[in-house]
Every structure is written in structure tokens, then in C-alpha cells.
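J.: Okay, handing you the structure first.
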Ligand SMILES: [Zn+2]
């Protein structure tokens with residue numbers, strides 16, 4: 001494991017402060033006190049000894065259980081400092097959180113410093129166009145079109161009010177292209193699958209589109225196909241930003257392509273997978289938030305896998321905090337090979353990326369040896385494409401794998417607005433794949 005990540009003194013001070021306050025004053029963490037080896041131990045060791053915060057814990061203790069005992073949630077709601085927000089998701093996935101706009105904005109501003117384009121362009125009052133599912137952010141209107149002024153909010157323009165991007169008409173996409181030209185955003189923030197859909201249309205119709213200073217991809221994992229399609233319409237820097245409603249901005253991709261930790265605003269604990277499943281560089285992350293007095297998130301399991309950069313340095317020169325070579329997709333996206341090896345979404349996506357002429361895909365593992373690949377493709381030789389796809393999936397999952405290729409006209413998101421690009425239709429408990437002998441950032445054995 002890399003030994004040379006650097007963390008500021010502030011980082012350790014914030015880590016210690018948050019832990020002290022959480023254990024002594026925040027109800028949700030009261031039962032964690034017994035795990036604390038004590039203040040005489042290094043703060044990393046104390047964190048490692050702690051349990052993991054899950055969405056179930058949030059539901060159980062929400063809301064007052066996440067504030068210090070001297071802070072009243074109703075005061076924050078009355079003063080307008082905080083509000084409650086519900087994250088989109090399935091019944092098991094959805095959760096209500098405490099939203100602190102001021103803290104969120106500060107977390108975002110800090111993340112901009114991790115990318116030189118964002119740092120130059122994003123002033124905090126710059127114009128930003130957003131292409132995201134209105135179920136998550138913006139204004140929903142499925143039955144009638146909302147005029148541009150009804151989709152404005154301070155410095156933002158929401159380009160889409162429809163909950164199913166598969167239903168976009170050419171008129172709607174023409175409107176998006178036109179509005180980008182009128183609004184001229186400095187930053188264009190987009191959900192990659194939705195931006196890719198717009199870009200396929202732009203490329204197919206030979207249209208041109210306003211070029212913003214920076215495209216920020218967020219909300220979901222950007223696939224290789226997404227990137228390829230976006231590149232057909234936009235020739236500007238693209239950065240991927242990683243965060244969650246619970247934790248704010250956690251990692252930002254720099255101009256050199258690696259991901260830097262937003263270490264002013266969060267602590268990240270890394271738990272590697274066992275070597276036979278891609279560890280020790282591949283693992284899950286637990287996020288602890290700093291500086292948010294209204295919501296104490298400690299070792300929150302964000303449900304994502306990441307890959308630690310093996311060199312541990314980046315040519316951009318930024319050296320504070322963890323450095324990742326990649327975000328590897330959601331834990332909910334993992335599948336298994338015939339021999340039971342874990343396959344991250346990124347590994348699957350890189351494997352499928354050699355296919356030509358694929359617009360979208362979704363892979364469902366229906367049994368340990370059964371995989372259904374749903375493809376959207378305009379390629380005429382579907383038979384040849386099916387053969388190629390089957391062969392590369394058998395190379396990944398094992399030659400015994402039974403692969404069915406199904407063609408779709410389009411792939412719609414779930415009602416939550418989220419796509420499941422890949423998933424197993426049987427439970428996979430990620431804990432059983434973790435290598436318990438490693439401690440975050442250190443190669444010594446855990447206590
Ligand atoms: Zn960098």
C-alpha cells in the first residue's frame with residue numbers, strides 16, 4: 001500500500017475532533033464508545049477500530065441522533081440553516097438526510113481546487129447548466145414542457161424536466177442544444193448517461209453545440225461508451241466528481257485524470273478487498289465528514305468501490321490526501337465470475353468497451369453461471385455483435401458462462417432515476433470479500 005500520502009495537521013485534528021464529539025455527544029455513536037481503544041492511540045487506529053455507519057443506522061437515529069446533544073434540529077430547521085432531503089433510490093436505498101446548503105457549497109468549492117480547470121472557471125457565481133434526472137435535482141414536469149425561465153434557479157439552468165430520458169423527443173434535445181447556446185454556461189454538470197444520449201443525437205444529426213469551459217460528470221459511473229459519445233460532441237476538459245448527498249464532495253478528478261480526496265471536508269477510510277478479488281488496491285471507502293455541525297457522518301458506507309493509485313503520486317503535483325486511479329462503481333453493481341471472483345463495474349465496463357457501435361448496455365447476472373446482456377446498438381450485424389459480446393464475457397466470467405444477448409430500443413432508468421448498468425440478481429455481501437488484515441493507508445496488521 002502507498003506509504004506516502006500526505007495529510008495536513010488539520011486533517012488529523014478534524015479527524016480527532018469529529019470522533020471525540022461523535023462518541024461523547026452524538027446519540028447515533030453512543031454504542032461505538034466500547035470500540036474506542038482510547039485517546040493514547042493514533043487517530044487512524046481509533047477509526048479503524050470503529051464500526052461502519054449504514055443507511056439503516058441513519059434511518060434509525062434520524063434526525064436528532066446525528067447532532068451533538070447541545071444542538072437542536074428544530075432550531076436549524078426554523079432558522080433555515082438546514083432542511084431535510086430525501087435521496088432517490090429503491091425502498092431499501094432511499095434515505096432522508098439533513099441538508100446544510102452552506103456546508104455543501106463550501107465542500108463543493110474546496111473540490112474545485114482539485115482540478116485546475118474548475119479552479120480557474122468556477123468562481124462561485126459562474127453560470128452552470130445541469131443535465132440530471134429531475135427526480136434527483138431540478139423540476140419535474142412529465143406532462144407539459146417547462147419554459148426555460150421555469151427551470152432557472154439562481155446561477156443554474158436545469159436542461160431537462162422529464163423523468164425518463166428514454167422518452168426524450170428530438171424537439172426536446174433541440175431545445176437543450178439551443179438553451180446551451182443562449183445560456184452559455186461556464187460549467188456543464190451532467191449525468192453521463194444522459195449527456196451521452198444528447199451527444200448521440202448531436203452526432204447523428206451533425207449538429208454543433210455550445211462548448212462550455214468544463215464538463216463535470218457526476219451522479220453515476222461514467223462508462224467508456226459514455227465518454228466516447230460525449231467526445232463526439234464536446235472538445236472541452238471533462239472532470240468526474242465523486243460525492244454523495246450524505247457526505248458532500250469526496251473525490252475530484254484532476255486535469256491529469258487521477259482522483260484527489262477533498263481532504264479539507266472529509267476523512268476517507270479505505271478497506272481493501274482480498275487479493276483474489278482485486279485487493280489490496282481495490283476496496284470500499286468509508287467517509288467521515290468535517291466541519292458540518294448539523295450532521296455527523298462517521299465512517300459512512302457510501303456503497304462504492306475505488307482503486308487506490310499504485311504509485312501514490314500524481315503529475316499534477318497535488319499531494320494532500322488519498323489519490324485514486326479510478327472510481328470502480330457501486331457495490332450494487334458487482335457481479336461474480338463462475339469461480340466466484342468479484343468483478344467491479346469498471347472491470348466489466350473496460351471489458352465491454354472494445355465492442356463497436358454500442359449505445360448503451362445493461363448486464364444482469366441471473367445465476368452464478370448465467371448472464372443477460374441487454375444492448376442498444378444501431379449496428380446492422382446483430383449476430384456478429386452477439387458473438388463478439390458473448391466471447392468477451394466468457395473470457396471475463398469463465399467459459400462455462402451462459403450468456404444471452406438481448407437487444408433493446410433504449411434502456412430506461414428505474415423509477416428512482418438511477419440506472420443499474422450491472423447487477424447480480426442474488427445477494428452479494430461485500431463484507432465477506434474484504435481483507436480484514438489491512439489497515440487504512442498502512443501495511444501493519446490491524447489490532
Ligand atoms: Zn492530480
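The values are calculated or read from the model by the stated rules, or taken from the named source; none is laboratory data. This is a predicted model, so every value here is computed, not measured. Don't worry about glycine lacking a Cβ; one is built from the backbone with ideal geometry, like all the others, and counts go over all protein chains shown.
J.: Being buried (at least 20 other Cβ atoms within 10 Å of the Cβ) and either within 15 Å of the ligand (Cβ to nearest atom) or in a strand (DSSP E or B) (or both) is the filter here, so list the residues in the stretch 211-247 that pass it.
T.: 214, 215, 216, 217, 238, 239, 240, 241, 242, 243
J.: Among the residues of the stretch 46-65, write down those that are closer than 26 Å to residue 7 by Cα and buried (at least 18 other Cβ atoms within 10 Å of the Cβ).
T.: Hits for the stretch 46-65 are 46, 47, 48, 50, 53.
J.: How many of the residues in the stretch 29-45 are without any contact (Cβ under 8 Å) to a residue 12 or more places away in the chain, surrounded by 13 or more Cβ atoms within 10 Å (Cβ to Cβ) and closer than 22 Å to residue 96 by Cβ?
T.: Of the residues in the stretch 29-45, 1 are without any contact (Cβ under 8 Å) to a residue 12 or more places away in the chain, surrounded by 13 or more Cβ atoms within 10 Å (Cβ to Cβ) and closer than 22 Å to residue 96 by Cβ.
J.: How about the stretch 112-131: which of its residues are surrounded by fewer than 21 Cβ atoms within 10 Å (Cβ to Cβ) and assigned to a loop (DSSP other than H, G, I, E, B)?
T.: Selection gives 113, 123, 124, 125, 126, 127.
J.: Given (1) away from the ligand (no atom under 16 Å from the Cβ); (2) part of a strand (DSSP E or B); (3) closer than 30 Å to residue 81 by Cα, identify the lone condition not met by residue 295.
T.: Of (1) away from the ligand (no atom under 16 Å from the Cβ); (2) part of a strand (DSSP E or B); (3) closer than 30 Å to residue 81 by Cα, only one is false for residue 295: (2).
J.: Which ones in the stretch 312-341 are in a loop (DSSP other than H, G, I, E, B) and either more than 11 Å from the ligand (Cβ to nearest atom) or within 21 Å of residue 421 (Cβ to Cβ) (or both)?
T.: Correct list: 312, 322, 334, 337, 338, 339, 340, 341.
J.: Across the stretch 110-131, what is the number of residues that are more than 16 Å from the ligand (Cβ to nearest atom), within 22 Å of residue 230 (Cα to Cα) and in contact with a helix residue (DSSP H, G or I) (Cβ under 7 Å, 6 or more places away or on another chain)?
T.: 4
J.: Right, here's the next one. Take the conditions in contact with a strand residue (DSSP E or B) (Cβ under 6 Å, 6 or more places away or on another chain), buried (at least 17 other Cβ atoms within 10 Å of the Cβ) and under 30 Å from residue 96 (Cβ atoms) and apply them to residue 266. Does it pass?
T.: yes
J.: Of the residues 305, 355, 348, only one is away from the ligand (no atom under 16 Å from the Cβ), in contact with a helix residue (DSSP H, G or I) (Cβ under 9 Å, 6 or more places away or on another chain), without any contact (Cβ under 8 Å) to a residue 60 or more places away in the chain and not in a strand (DSSP E or B); which?
T.: 355
J.: Still on this model: Within the group 330, 362, 341, which residue is within 20 Å of residue 426 (Cα to Cα), out of contact with any strand residue (DSSP E or B) (no Cβ under 8 Å at 6 or more places or on another chain) and surrounded by 16 or more Cβ atoms within 10 Å (Cβ to Cβ)?
T.: Just a single option satisfies the conditions, and that option is 341.
J.: Exactly one of (1) modelled with pLDDT under 95; (2) in contact with a helix residue (DSSP H, G or I) (Cβ under 8 Å, 6 or more places away or on another chain) is unmet by residue 89. Its number?
T.: Condition (2) is where residue 89 drops out.
J.: Has the stretch 248-268 got any residue that is away from the ligand (no atom under 16 Å from the Cβ), more than 19 Å from the chain's Cα centre (by Cα) and on the phi > 0 side of the Ramachandran plot?
T.: Checked the stretch 248-268: no residue is away from the ligand (no atom under 16 Å from the Cβ), more than 19 Å from the chain's Cα centre (by Cα) and on the phi > 0 side of the Ramachandran plot.
J.: Same structure, new question: Would you confirm, using the coordinates I've provided, whether residue 94 is more than 17 Å from residue 248 (Cβ to Cβ) and either without any contact (Cβ under 8 Å) to a residue 12 or more places away in the chain or outside any helix (DSSP H, G or I) (or both)?
T.: Taking the combined requirement at face value, the residue satisfies it.
J.: Right, here's the next one. Looking at the structure I just gave you, is residue 77 modelled with pLDDT of 95 or more, surrounded by 14 or more Cβ atoms within 10 Å (Cβ to Cβ) and touching a strand residue (DSSP E or B) at 6+ places or on another chain (Cβ under 9 Å)?
T.: yes
J.: Could you say whether any residue in the stretch 61-70 is more than 13 Å from residue 294 (Cα to Cα) and in contact with a helix residue (DSSP H, G or I) (Cβ under 8 Å, 6 or more places away or on another chain)?
T.: Yes; the residues of the stretch 61-70 include at least one that is more than 13 Å from residue 294 (Cα to Cα) and in contact with a helix residue (DSSP H, G or I) (Cβ under 8 Å, 6 or more places away or on another chain).
J.: Taking into account only those residues within the stretch 132-158 that are under 21 Å from the mean Cα position of the chain (by Cα), assigned to a loop (DSSP other than H, G, I, E, B) and on the phi < 0 side of the Ramachandran plot, which is nearest to the ligand (Cβ to nearest atom)?
T.: Filtering first and then ranking leaves 132.
J.: Looking at residue 277 and the list (1) away from the ligand (no atom under 16 Å from the Cβ); (2) closer than 20 Å to residue 217 by Cα, which single condition is not satisfied?
T.: Only one criterion in (1) away from the ligand (no atom under 16 Å from the Cβ); (2) closer than 20 Å to residue 217 by Cα is unmet by residue 277, namely (2).
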